[in-house]
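The values are calculated or read from the model by the stated rules, or taken from the named source; none is laboratory data. Since this is a predicted model, take the numbers as computed values, not measurements. Cβ placement follows ideal geometry from the backbone for every residue including glycine, while neighbour counts extend to all protein chains displayed. Ligands, DNA and RNA are excluded from the accessible area calculation, which covers all protein heavy atoms including side chains. Shrake-Rupley method; radii C 1.70, N 1.55, O 1.52, S 1.80 Å.
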Amino acid sequence: MSRAMYWFDHLPLRRASRLWRRLSRNERGSMSVMIAIGLTVLLGFAALGVDVSLWARAKNDVQGAADAAANAVAAAVAAGNPPGRLNAEANAAAAQNGFQVGTNGVTLVVNNPPKYGNFTTNPLAYEVIISAPQKVYLASVLQGAKAP
């Protein structure tokens, strides 16, 4: 009898081999495992759906505030206000829409002419950019998840 055959016939290894074969053929409890995995995946997608909908709502809110601030700037320009007053008008309009500049990381920039878009060469065009950081709620369990 060779040495390798003796090692395979060793009692703990033989028991482990039999146990592994028996467990691999056993189907009891397999539905529980599949349901647990499926519910985990479903919960992950639900969490991602909640976060994405919150991000979309926040984006719409900040877009509305930026539009209101741009309208306020346009009205101030039409009224003949000095350039220093335009920022104050934009800040006031953003604050009325729930985005107080300087609190919770909210920033507001008024550009003349705009830096982005089709009117970058038009000196009569104004651009208002509001940025506000968003929180990651349920998707925070994913590594590196950040709000857009």
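Along each principal axis, taking the top coordinate minus the bottom one, the Cα set of segment 44-148 gives 53, 28, 17 Å in descending order. Which one of N112, A76, V101 is farthest out on the positive end of the charge dipole of the chain, using unit charges on Cβ (Lys, Arg +1; Asp, Glu -1) and the Cα centre as origin? Positive-most Cα among the choices belongs to V101. By a 1.4 Å probe calculation restricted to protein chains, V101 has an accessible surface near 50 Å², given to the nearest 10. Backbone geometry of segment 126-133 corresponds, through the Karplus equation with coefficients 6.51, -1.76 and 1.60 at θ = phi - 60°, to 3J(HN,Hα) couplings of 10, 9, 10, 10, 10, 10, 9, x Hz, x marking Gly and Pro. Using a Förster distance of 41 Å, how high is the FRET efficiency between L43 and A125, based on the Cβ-Cβ distance and rounded to 0.05? My answer for the efficiency is 0.30.
For the chain, the membrane-span-like helix rule (DSSP H, alpha carbon extent of at least 24 Å along the helix axis, mean Kyte-Doolittle at least 1.0) picks out 30-78; this says nothing about an actual membrane. With each label modelled as a point 7 angstrom along the Cα→C-beta vector, the A92-S24 pair spans 7.8 nm.
At 222 nm, what value in deg cm²/dmol follows for the chain if DSSP H runs of at least 4 each add -39500 (n - 2.57) and the sum is divided by all its residues, to the nearest 500? For the chain, the value works out to -19500 deg cm²/dmol.
Here the Karplus relation 6.51 cos²θ - 1.76 cosθ + 1.60, evaluated at θ = phi - 60°, turns the backbone of segment 110-119 into coupling constants of 10, 10, 9, x, x, 8, 10, x, 7, 10 Hz, with x for every Gly and Pro. Modelled label-to-label distance, K135 and N104, 7 Å Cα→beta-carbon offset: nm? Placing both labels 7 Å beyond Cα along the Cβ direction yields 0.9 nm. Rolling a 1.4 Å probe over the protein heavy atoms of the chain, with every protein chain left in place, gives an accessible area that is 60 percent carbon and sulfur. Annotation for M31 and A75: the two label points, set 7 Å from Cα along the Cα-Cβ direction, are 6.5 nm apart. Rolling a 1.4 Å probe over the heavy atoms of the protein chains gives the chain an accessible area of 77 Å² per residue.
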